[in-house]
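**Student:** Quick one: the structure is below, and I'll ask about it shortly.
The values are calculated or read from the model by the stated rules, or taken from the named source; none is laboratory data. Keep in mind that what you see is a predicted model, and the values were worked out from it rather than measured. FYI the Cβ positions are ideal-geometry reconstructions off the backbone, even for glycines, and counts take in every protein chain you see. Side chains are part of the model used for accessible areas, which takes the heavy atoms of the whole protein and leaves out ligands, DNA and RNA. Shrake-Rupley method; radii C 1.70, N 1.55, O 1.52, S 1.80 Å.
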Amino acid sequence: MYNHQIIEKKWQKFWNDNKIFKTDFNSKKDKYYVLDMFPYPSGKGLHVGHPEGYTATDIIARFKRLKGFEVLHPIGWDAFGLPAEQYALKNNKSPREFMKKNIANFKRQIKELGFSYDWDVEINTTDEEYYFQTQWIFKKLYENNLAELKEVEVNWCPGLGTVLANEEIINENGKMVSERGSFPVVKKPMRQWVLKITKYADKLLEGLDELKWPRGVKELQRNWIGRSSGAIINFVTENNEVKIPVYTTRPDTIFGVSYLVIAPENKIIEQLKIPHQFQAAVKKYIEDTNSKSTLERMNNKTKTGVFTGVFAIHPFTKAKIEIWLADYVLNSYATGSVMAVPAHDERDFKFAKKFNLAIKQVIASDTLPATGNGVCINSEFLNGLQKEAAIEKILSEIEKQKIGKAKINYKLHDWLFSRQRYWGEPFPIVHLDNGEVLLVDNVELPELKNIKISQTGESPLANASEWVNVTIDGKSGKRETNTMPQWAGSCWYYIAYLLRTETGYLKLDSKLGQERLSKWLPVDLYIGGAEHAVLHLLYARFWHKVLYDIGLVKTKEPFTRLFNQGMILGPDNQKMSKSKGNVINPDDIVVQYGADTLRLYEMFMGPLEDAKAWSNNGLQASYKWINRFYNLYNNAELSDQNNHKLDLIYNQTVKKVSHDYENLAFNTAVSQFMIFVNACYKEKVIYKPYLENILIMISCIIPHISEEIWNQLGHRTSINQATWPTWDEKALIAKETIMIVQVNGRLRAKINIDSNSDEVTVVKIAKENENVSRFLDNKTIIKTIYVKGRIINFIVK
């Protein structure tokens, strides 16, 4: 039995002292860039779910080095964000010190697991040099008309005197309240920075086609962008007083419109002349909606609404149509108003049923609501037309009458980029007293001894008067007090690794920085959780495409291949959480069983992409197998002469593991190693080069024990500097095969025969088998069924 505590520390020190995994950015070798989604260093430290993805990337990093690539395998810290600020507010302590402590703990845990990171390129989004470049990228966005100030609704909590993030809000009795103190939360418009990601909607869609990403992730991004073709149609109120534009993807159903619905927060409501008897109900409904989250409104199955007392005129039939407010319509989508066609829309149908509104069928169907395609009926000049022809005709009529136009719409909204927080990247912005917006360089986040909420909705930075108030070139002004969201630092961190030097960071637009970006981008393999399938990946792609358009990167996409590892569940098959008491701490496992055991077990649990339940029995079995593996090398008689007994299984193993690693099929690679080791235990003498090459291959998964054995075998350089073995295709052809021998369909023997033997020879050998001959004695063979290389069946009587 090996002492994992001594061996693992020994080799971790060796790797670190000798910088075994340091990347040579100037190497002439082919590059391979393998990336983990860098962690937010929470106070809880790593749990056993983290090492799964990290082990997968580490295997590939080691594999590619052995294959002769120059590999970049970096790690860093996504260290801005809400939890650290909440901690600071609660404990009256600096978030910087909190994060420093957390990072030290994460780093210790990661190093103890033996991952082959290049620690010389470690990054931290809270480093000044790092966020100065985040600010620089923001300035480029601003200069290219992709950033602007806009009135945007935020979650305002009067009781706490601050704006809350969605994560800080809970639902109580259908109302938004603060998680801390259960104070009411309402929507309130505030001046916010937004990034115009919608300008890149089509580029973001088109780029998905060329990516080696999971189909589900690409589909999620397509749905999030939500490109749709339709039309804007203008309805007007009675007496032609107010124009209400609606967006629809089914203009062919316009003759089925029985009412209009406006989002309760739509400013157009202020223009409506709502009769006195309806005003109180309308006002209350707007207030009630204001206390609901967007998610709640989208998921609410119970339809609510209020009639405004105002009518619109149908643009073709000239019929009067009721105008309603309903929270199932969101102001952020399209025009914030819809034409309701209850016969052909699920939500409109439920709403109409509840409020007893007319349901007019205009698409032929036996059931309602009929949301599919069909022939137009009850639609005047559209009658008899199929969907596409009807849409083409109605669009022509709409444009001819100048009451609307064809329109491409997106679900994607411009990106709200302001946070009313202290612990984030400051904006490189000064608002001059004369109304000008001034871009400035390298704005430091000031140290605040006491982080307090502002009571005005601004960030705590508004309290730092000496920092806020500035004079530039004789002009006075105030710094922007909002900070950037946590997404900002993670949008470009894969680039930041390439800019790291021993003393800091290269400038993104510097000559050397550009040379590194040209060689090393895009990322070849990116592994992380599926929870980042949309926002992080979409935002990073957006920034990358902007950088491409302004000539700072040479590739259109940042990540060529993406893989989402599955979740590791608790022993009870539930998601791990402290409240359930099913959290597994990797520190405990490393102490008791070693990092190699944890790495091997997590790769052997099942396919990398699947969710898998933790099993202590499985962990212990992995520990026993590593000891079995170690004992093989220590106890086997090794020879430099090949007796060829292991040729087939050795070459099968090299080929299969090589393919499995490329396909991230680590569980089946481990199975193959186990088969090989079992074969070795059946031999008295083992060809030494075979064992050495298998050791090289398995070192990607269990590096510490492999390095130790490699050293014991007499090698004085690291196993990481070895060369990946190749297989001999000719040796994969089995020289012997096992034949099943049956008599009257019942198994009587298994015989080893030469693979090149003919039928006559095989039948003769089978008949001479002692057990088979017993069942043939005194019998007449009336038929012999022979399947080459597989089975012989003697039919006797």
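**Student:** If you only keep lysine pairs separated by 8 or more in sequence, or across chains, how many in region 299-399 come under 14 Å at the Cα atoms?
**Tutor:** On the way: K301/K350; K301/K353; K301/K354; K303/K350; K303/K353; K303/K354; K350/K360.
The number of close lysine pairs in region 299-399 is 7.
**Student:** Semi-axes of the equivalent ellipsoid of the chain: what are they in whole Å, largest first, if each equals the square root of 5 times a C-alpha gyration tensor eigenvalue? Please list the in-between numbers first.
**Tutor:** Details: eigenvalues 727, 319, 113 Å².
Ellipsoid half-lengths, sorted descending, are 60, 40, 24 Å.
**Student:** What distance in nm lies between label points placed 7 Å from Cα along the C-beta direction at E447 and I377?
**Tutor:** Each label point lies 7 Å from its Cα, and together they span 7.8 nm.
**Student:** Hey, another quick one. Rounded, prolate or oblate: pick one for region 1-157, where a ≥ b ≥ c are the square roots of the eigenvalues of its C-alpha gyration tensor, a/c under 1.5 means rounded, and failing that, prolate if a/b is larger than b/c, else oblate. Don't jump to the answer; show the numbers that get you there.
**Tutor:** Details: a/c = 2.57, a/b = 1.45, b/c = 1.78.
Oblate is the answer for region 1-157, as a/c is 1.5 or above yet b/c matches or exceeds a/b.
**Student:** Rolling a 1.4 Å sphere over the protein heavy atoms, what is the accessible area per residue of the chain, to the nearest Å²? List each step's numbers first, then the result.
**Tutor:** Values: 36660 Å² over 797 residues.
Heavy-atom accessible area per residue stands at 46 Å².
**Student:** Computed over the Cα atoms of region 678-771, what is the ratio Rg over Rh, Rh following Kirkwood?
**Tutor:** Details: Rg = 20.6 Å, Rh = 17.1 Å.
Value, to two decimals: 1.21.
**Student:** Compute the length gained on full extension between I472 and Q455: take 0.36 nm times their separation in residues and subtract their Cα-Cα distance, giving the result in nm to one decimal. Kindly include the intermediate steps, with their values, before the conclusion.
**Tutor:** Working: separation 17, 0.36 × 17 = 6.12 nm, distance 2.81 nm.
Full extension from I472 to Q455 adds 3.3 nm.
**Student:** Still on this model: In whole Å, what is the distance between the alpha-carbon centres of region 457-519 and region 368-429?
**Tutor:** 38 Å
**Student:** Something else now. So the label point goes 7 Å from the Cα of K101 along Cα→C-beta, right? Which residues of region 15-58 then have their backbone N under 12 Å from it?
**Tutor:** 43-44
**Student:** Given points 7 Å out from each Cα along the Cα-Cβ axis, report the I170 to E399 separation in nanometres with one decimal.
**Tutor:** 5.4 nm
**Student:** I'd like the FRET efficiency for K788 and V685, computed as 1/(1 + (r/R0)^6) with the beta carbon distance as r and R0 of 30 Å, rounded to 0.05.
**Tutor:** Values: r = 33 Å, r/R0 = 1.09.
Step by step, r from the Cβ atoms, then E = 0.35.
**Student:** Using helices alone, what [θ] at 222 nm do you get for the chain, with -39,500 (n - 2.57) per DSSP H run of 4 or more residues, divided over all residues and rounded to the nearest 500? Don't jump to the answer; show the numbers that get you there.
**Tutor:** Details: 25 runs with 286 residues, N = 797.
So the calculated ellipticity at 222 nm is -11000 deg cm²/dmol.
**Student:** Right, next: With r as the distance between the Cβ atoms of N616 and S465 and R0 = 51 Å, compute the FRET efficiency 1/(1 + (r/R0)^6) and round to 0.05.
**Tutor:** Numbers: r = 57 Å, r/R0 = 1.12.
Once the sixth-power term is evaluated, E becomes 0.35.
**Student:** Please state, to two decimals, what the Cα-based radius of gyration of region 431-577 comes to when divided by 2.2 N^0.38 Å (N = residues).
**Tutor:** Taking the Cα Rg and dividing by 2.2 N^0.38 Å, one obtains 1.40.
**Student:** In whole Å, largest first, what are the principal axis extents of the Cα atoms in region 184-290?
**Tutor:** In descending order, the Cα extents are 60, 43, 22 Å.
**Student:** Ok, one more. Could you tell me the calculated FRET efficiency between N144 and N769, based on Cβ-Cβ distance and R0 = 51 angstrom, to the nearest 0.05?
**Tutor:** Numbers: r = 82 Å, r/R0 = 1.60.
It comes to 0.05.
**Student:** Shifting gears a bit: In Å and whole numbers, how far do the C-alpha atoms of region 311-407 stretch along each principal axis, longest first?
**Tutor:** On the principal axes, region 311-407 reaches 34, 32, 25 Å in Cα extent.
**Student:** Express the relative contact order of the chain as a whole percentage, based on alpha carbon pairs under 8 Å and six or more residues apart in sequence. Walk me through the numbers before you get to the answer.
**Tutor:** Working: 1398 pairs, mean separation 114.5, N = 797.
Computed value for the chain: 14 percent relative contact order.
**Student:** Just the ratio, please: alpha-carbon radius of gyration of region 550-640 over 2.2 N^0.38 Å, N its number of residues. Spell out each step's value before the answer.
**Tutor:** Numbers: Rg = 19.2 Å, N = 91, 2.2 N^0.38 = 12.2 Å.
After normalising by residue count via 2.2 N^0.38 Å, the value is 1.57.
**Student:** Work out which GluC sites (Glu not before Pro) in the chain are exposed loop sites (DSSP not H, G, I, E or B, at most 16 other Cβ within 10 Å) and give the longest gap free of them.
**Tutor:** On the way: sites that count: E179, E241, E436, E444, E447, E502, E609, E683.
The reported range is 242-435.
**Student:** Please give the Cα centre distance for region 215-251 versus region 30-81, rounded to the nearest Å.
**Tutor:** With region 215-251 and region 30-81 each reduced to a Cα centre, they are spaced 42 Å.
**Student:** Same structure, new question: Mind pulling up the Rg/Rh value for region 235-347? Radius of gyration and Kirkwood radius, both on Cα.
**Tutor:** Details: Rg = 13.5 Å, Rh = 14.3 Å.
Across region 235-347, the Cα-based Rg/Rh ratio is 0.94.
**Student:** Order the following by accessible area, largest value first: M99, M298. Probe radius 1.4 Å; ligands, DNA and RNA are ignored.
**Tutor:** Numbers: M99 5, M298 125 Å².
From most exposed to least exposed: M298, M99.
**Student:** For each pair in K655/K783; K284/K405; K624/K682; K187/K411; K199/K507, compute the distance between the two Cα atoms and list the pairs where it is over 29 Å.
**Tutor:** Pairs exceeding the cut-off: K655/K783; K284/K405.
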